[in-house]
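See below for the structure under consideration.
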Amino acid sequence: MTAIQSKAADPKVAEAKTPPSGLSEFWFYFSRNKGAVIGLVIFLIILFVAIFAPFVAPHSPSIQNRELLLMPPVWEQGGSWGHILGTDAVGRDILSRLIYGARFSLFIGLVVVTLSVISGVLIGLVAGYFRGRIDTFIMRIMDIILAFPSLLLALVLVAVLGPGLLNAMIAISLVNQPHFVRLTRAAVMTERTKDYVVGSKVAGAGTLRLMFLTILPNCLAPLIVQATLAFSAAILDAAALGFLGMGAQPPTPEWGTMLAEAREFIQRAWWVVTFPGLAILITVLAINLMGDGLRDALDPKLKRS
């Protein structure tokens, strides 16, 4: 009996058995996914470069040097340390355009996810809480939107609204909205019948209070994970629209637009196509790895002991 008491009183044993809480618990499960940590580091580097682009970029992204057309990267013959990743067909520094392009890509992802989350959560909350004909009407519209390929539907919407970065962001947010509607609806339908919701309703809580203060906070974990994945999808869709000439318009240093401008030089100057493609690949991969880590940290079913 004494040995058991001394073992329980041992602070090291108590500390080992005490589970982490709050941010410590989140970081504990997030950091166990090494890929997620690597993705977070890469994303923070890209975010830093995007925020401080005027100080990090060696040149202006729009200045043209007609004497240095299609200069190769520094490690190839004819390269220069003045243009580490080379220049494009009109003599603009590729590294500088990639750095400024990170601003546009992250800004597009942020705006698209914000619009999609706000509208999708509101619609899904209404559908899941009230059910009935309202739910049926909303979900049939979402099913119709999901029946179309996302990029094709975005192209149609941009064609109707007109080419441009703003219209591309609106189109992509509308395409991504059904995913948040369905996810929110499913979470609300699960939560609305639980005891704490019934107790709040019996206590006299109004409809809006039940929806936004009682139910919605308990539905945020899957929405955060979905928002992370939608962020990377928005960057890909924006790059695709830019490549097709329906998104950001030249001379905007957007990665998809850079790819479109470099199509005819694929065989002559591989770097003008490769580096924008790698920028898209690395950014999207980093965000997806972060999404996997968020899923491990926020989903109680995936938390390992």
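Consider only pairs whose beta carbons are under 6 Å apart and that are at least six residues apart or on different chains; among these, list those whose first residue lies in the range 193-206 and is over 17 Å from residue 131 (Cα atoms) and whose second residue is surrounded by 10 or more Cβ atoms within 10 Å (Cβ to Cβ) and polar (S, T, N, Q).
200/214
Checking residue 82 against (1) surrounded by fewer than 18 Cβ atoms within 10 Å (Cβ to Cβ); (2) within 30 Å of residue 288 (Cβ to Cβ), only one condition comes out false. Which one?
So residue 82 meets the others, but not (2).
Any residue at all in the range 172-180 that is loosely packed, with under 12 Cβ neighbours inside 10 Å, in contact (Cβ under 8 Å) with a residue 12 or more places away in the chain and either within 17 Å of residue 115 (Cβ to Cβ) or not small (Gly, Ala, Ser) (or both)?
Residues of the range 172-180 that are loosely packed, with under 12 Cβ neighbours inside 10 Å, as a first pass: none.
There is no residue in the range 172-180 that is loosely packed, with under 12 Cβ neighbours inside 10 Å, in contact (Cβ under 8 Å) with a residue 12 or more places away in the chain and either within 17 Å of residue 115 (Cβ to Cβ) or not small (Gly, Ala, Ser) (or both).
Do you know which residues across the range 36-81 are aromatic (Phe, Trp, Tyr) and in a helix (DSSP H, G or I)?
Those that are aromatic (Phe, Trp, Tyr) and in a helix (DSSP H, G or I): 43, 48, 55.
Count, please, the residues in the range 35-69 that happen to be surrounded by 18 or more Cβ atoms within 10 Å (Cβ to Cβ), more than 17 Å from residue 251 (Cβ to Cβ) and of a type outside the set (Gly, Ala, Ser).
4
Would it be correct to say that residue 242 is under 12 Å from residue 164 (Cβ atoms), crowded, with 19+ Cβ neighbours inside 10 Å and either touching a Ser or Thr at 6+ places or on another chain (Cβ under 9 Å) or at pLDDT 90 or above (or both)? Don't jump to the end; show me each part of the working.
Numbers: under 12 Å from residue 164 (Cβ atoms): yes; crowded, with 19+ Cβ neighbours inside 10 Å: yes; either touching a Ser or Thr at 6+ places or on another chain (Cβ under 9 Å) or at pLDDT 90 or above (or both): yes.
Against the criterion (under 12 Å from residue 164 (Cβ atoms), crowded, with 19+ Cβ neighbours inside 10 Å and either touching a Ser or Thr at 6+ places or on another chain (Cβ under 9 Å) or at pLDDT 90 or above (or both)), residue 242 qualifies.
Being surrounded by 20 or more Cβ atoms within 10 Å (Cβ to Cβ), within 22 Å of residue 235 (Cα to Cα) and not hydrophobic (A, V, I, L, M, F, W, C), is that true of even one residue in the range 183-191?
No, the range 183-191 contains no residue that is surrounded by 20 or more Cβ atoms within 10 Å (Cβ to Cβ), within 22 Å of residue 235 (Cα to Cα) and not hydrophobic (A, V, I, L, M, F, W, C).
Select from the range 179-194 the residues that are closer than 20 Å to residue 140 by Cα and touching a Phe, Trp or Tyr at 6+ places or on another chain (Cβ under 8 Å) and list them in ascending order.
188
Inside the range 102-150, can you point out the residues that are within 20 Å of residue 214 (Cβ to Cβ) and acidic (Asp, Glu)?
Hit for the range 102-150 is 135, nothing else.
Check whether at least one residue in the range 272-285 is in a helix (DSSP H, G or I), aromatic (Phe, Trp, Tyr) and over 19 Å from residue 176 (Cα atoms), and report yes or no. Outline the logic, then answer.
Quick first cut of the range 272-285, residues in a helix (DSSP H, G or I) only: 272-285.
From what is left, the residues that are aromatic (Phe, Trp, Tyr) are 275.
Then keep just the ones that are over 19 Å from residue 176 (Cα atoms); that gives 275.
Yes - at least one qualifying residue is present in the range 272-285.
Kindly list the number of the only condition in (1) out of contact with any Leu (no Cβ under 8 Å at 6 or more places or on another chain); (2) assigned to a helix (DSSP H, G or I); (3) among the polar types (S, T, N, Q) that fails for residue 267.
For residue 267, the exception is condition (2).
The values are calculated or read from the model by the stated rules, or taken from the named source; none is laboratory data. In this text the structure is predicted, and so the values were computed from the model without any measurement. Every residue, glycine as well, gets a Cβ built from its backbone with ideal geometry; the counts of neighbours run over all protein chains shown.
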